[in-house]
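Comments concern the structure below.
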Amino acid sequence: MRVVFVGPPGAGKGTQAKLICEEWGIPQISTGDMLREAKAKGTLPQDLVEKMSKGGLVPDDVVIGLIRARTELDDAKPGFLLDGFPRTVPQAEALNELLASRGQQLNVVVALEVPQDLLMERAVLRRTDKRTGQIYHLKYKPPPPDADLEHRADDREETVRHRIDVYEKMTADLLPFYGNAGLLKRVDGVGDVKEVTRRVLAVVKAAK
Ligand code: ADP
Ligand code: ADP
């Protein structure tokens, strides 16, 4: 099973990806998480650290390289869920070539849809536990008292606004690209987490 999650910042991609990957036993591959790990280790070049913290995209060849290496690992052989990649048509084309060279293809692209006002509230009040990677929300999924919380540098209001704009500009062509390929399934991301999981699982199962 090879699944792609597309959606604006704060749509719930990471939350749903974790739940679905647990249920299906496939790895969640998030370019955002990989870039943040590299940043924490000090191995991400400074110009990319700045691009990320301002809410811009890092260059296509950087994320394509990360995906090429990560999808080659053994645990990704039975399938994987890509969360936050591809974000541009050149990334999607590179992914197609990469998969074709291995005799593989995508099963489905899930687009999580959430209106702008909710996105802002979801992203600005998002907190993650540094030790476990668990995603919390100060209003909708309050963290336990012993969580070691982190507020992402790019989750401030102005930066989230910019990231939503970047998403709309850079990713606008991606949805028709996958629509034309017959892979795109739109899922309403508004509602409680379990309800959204049910909707996502329904479209993913139908694509199997
Ligand atoms: P993304 O990976 O798309 O940026 P996340 O999964 O990190 O989104 O979710 C953004 C924030 O919204 C997090 O704080 C998360 O706890 C919260 N969230 C996710 N799904 C829902 C939902 N269905 N209802 C309310 N809050 C949600
Ligand atoms: P969100 O979950 O809020 O949508 P991510 O964690 O996926 O955000 O991404 C955080 C940041 O990492 C992005 O704003 C961008 O700077 C960088 N990034 C992640 N994935 C990509 C990608 N596929 N292409 C370019 N930049 C990316």
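Kindly indicate which of P143, P176 is farther than 23 Å from V110 by Cβ and away from ligand 2 (no atom under 13 Å from the Cβ).
P143
Given E93, E113, which one is closer than 16 Å to E168 by Cα and open to solvent by 40 Å² or more (accessible area, probe 1.4 Å)?
Values: E93 fails: closer than 16 Å to E168 by Cα.
None of the other options fit; the residue is E113.
If A69 satisfies all but one of (1) crowded, with 16+ Cβ neighbours inside 10 Å; (2) more than 10 Å from ligand 2 (Cβ to nearest atom); (3) among the small types (G, A, S), what's the number of the condition it fails?
Evaluating A69 over (1) crowded, with 16+ Cβ neighbours inside 10 Å; (2) more than 10 Å from ligand 2 (Cβ to nearest atom); (3) among the small types (G, A, S) leaves (1) as the failure.
One residue is enough: does segment 27-50 have a residue meeting the conditions farther than 21 Å from T159 by Cα and among the hydrophobic types (A, V, I, L, M, F, W, C)? Full working, then the answer.
To start, the set of residues in segment 27-50 that are farther than 21 Å from T159 by Cα comprises 27-29, 41-43.
Add one more test, that the residue is among the hydrophobic types (A, V, I, L, M, F, W, C), and what stays is 29.
The answer is yes; a qualifying residue exists.
What are the residues in segment 166-184 that are surrounded by 12 or more Cβ atoms within 10 Å (Cβ to Cβ) and within 30 Å of D129 (Cα to Cα), if any?
Within segment 166-184, V166, Y167, M170, T171 meet the criteria.
Suppose we filter R152, R156, R163, R131 for residues that are open to solvent by 50 Å² or more (accessible area, probe 1.4 Å) and under 18 Å from K51 (Cα atoms); which single one remains? Give the steps one after another, and end with the answer.
Numbers: R152 fails: open to solvent by 50 Å² or more (accessible area, probe 1.4 Å); R163 fails: open to solvent by 50 Å² or more (accessible area, probe 1.4 Å); R131 fails: under 18 Å from K51 (Cα atoms).
It is R156.
Just to be sure before I move on: is N107 away from ligand 1 (no atom under 13 Å from the Cβ), touching a residue at least 24 places away in the same chain (Cβ under 8 Å), open to solvent by 30 Å² or more (accessible area, probe 1.4 Å) and not acidic (D, E) in the structure I sent? Break it down stepwise before answering.
Numbers: away from ligand 1 (no atom under 13 Å from the Cβ): yes; touching a residue at least 24 places away in the same chain (Cβ under 8 Å): yes; open to solvent by 30 Å² or more (accessible area, probe 1.4 Å): yes; not acidic (D, E): yes.
So N107 passes the test.
What helices (runs of 4 or more DSSP H) completely inside segment 1-86 contain at least 3 residues that are closer than 18 Å to L99 by Cβ and modelled with pLDDT of 95 or more? Step through it out loud before you land on a result.
Values: elements: 13-24, 31-41, 46-54, 60-71.
In segment 1-86, 60-71 are the helices (runs of 4 or more DSSP H) which contain 3 or more residues that are closer than 18 Å to L99 by Cβ and modelled with pLDDT of 95 or more.
Within segment 185-208, how many residues turn out to be within 16 Å of ligand 2 (Cβ to nearest atom) and buried (at least 18 other Cβ atoms within 10 Å of the Cβ)?
So the first thing to find is which residues in segment 185-208 are within 16 Å of ligand 2 (Cβ to nearest atom), and the list is 187, 189, 193, 196, 200.
Applying the additional criterion that residues be buried (at least 18 other Cβ atoms within 10 Å of the Cβ) yields 187, 189, 196, 200.
Qualifying residue count, segment 185-208: 4.
Identify all residues within segment 1-33 that are within 8 Å of ligand 2 (Cβ to nearest atom) and either among the basic types (K, R) or crowded, with 17+ Cβ neighbours inside 10 Å (or both); write none if there are none. Walk me through it before giving the result.
Looking only at segment 1-33, we keep the residues that are within 8 Å of ligand 2 (Cβ to nearest atom), and these are 7-11, 13-14, 30-33.
G7, P8, P9, G10, A11, K13, G14, S30, T31, G32 - these are the residues of segment 1-33 that are within 8 Å of ligand 2 (Cβ to nearest atom) and either among the basic types (K, R) or crowded, with 17+ Cβ neighbours inside 10 Å (or both).
State which residue pairs qualify: first residue at positive phi and inside segment 120-133, second residue within 11 Å of ligand 2 (Cβ to nearest atom) and among the acidic types (D, E) in any location, beta carbons under 8 Å apart, and separation of 6 or more residues or different chains.
These pairs meet every condition: G133/D33.
Considering only residues that are more than 15 Å from A40 (Cα to Cα) and assigned to a loop (DSSP other than H, G, I, E, B), which ones fall in segment 131-147?
Residues of segment 131-147 more than 15 Å from A40 (Cα to Cα): 134-147.
Result: Q134, L138, K139, Y140, P142, P143, P144, P145, D146, A147.
Checking L99 against (1) part of a helix (DSSP H, G or I); (2) within 13 Å of ligand 2 (Cβ to nearest atom), which single condition isn't satisfied?
For L99, the exception is condition (2).
The values are calculated or read from the model by the stated rules, or taken from the named source; none is laboratory data. Values in this document were obtained by computation on a predicted structure and should not be read as measured data. All Cβ positions, even for glycine, are placed from backbone atoms using ideal geometry, and neighbour counts span all protein chains on display. Areas reflect the complete protein model, heavy atoms only, side chains present, ligands, DNA and RNA absent. Shrake-Rupley method; radii C 1.70, N 1.55, O 1.52, S 1.80 Å.
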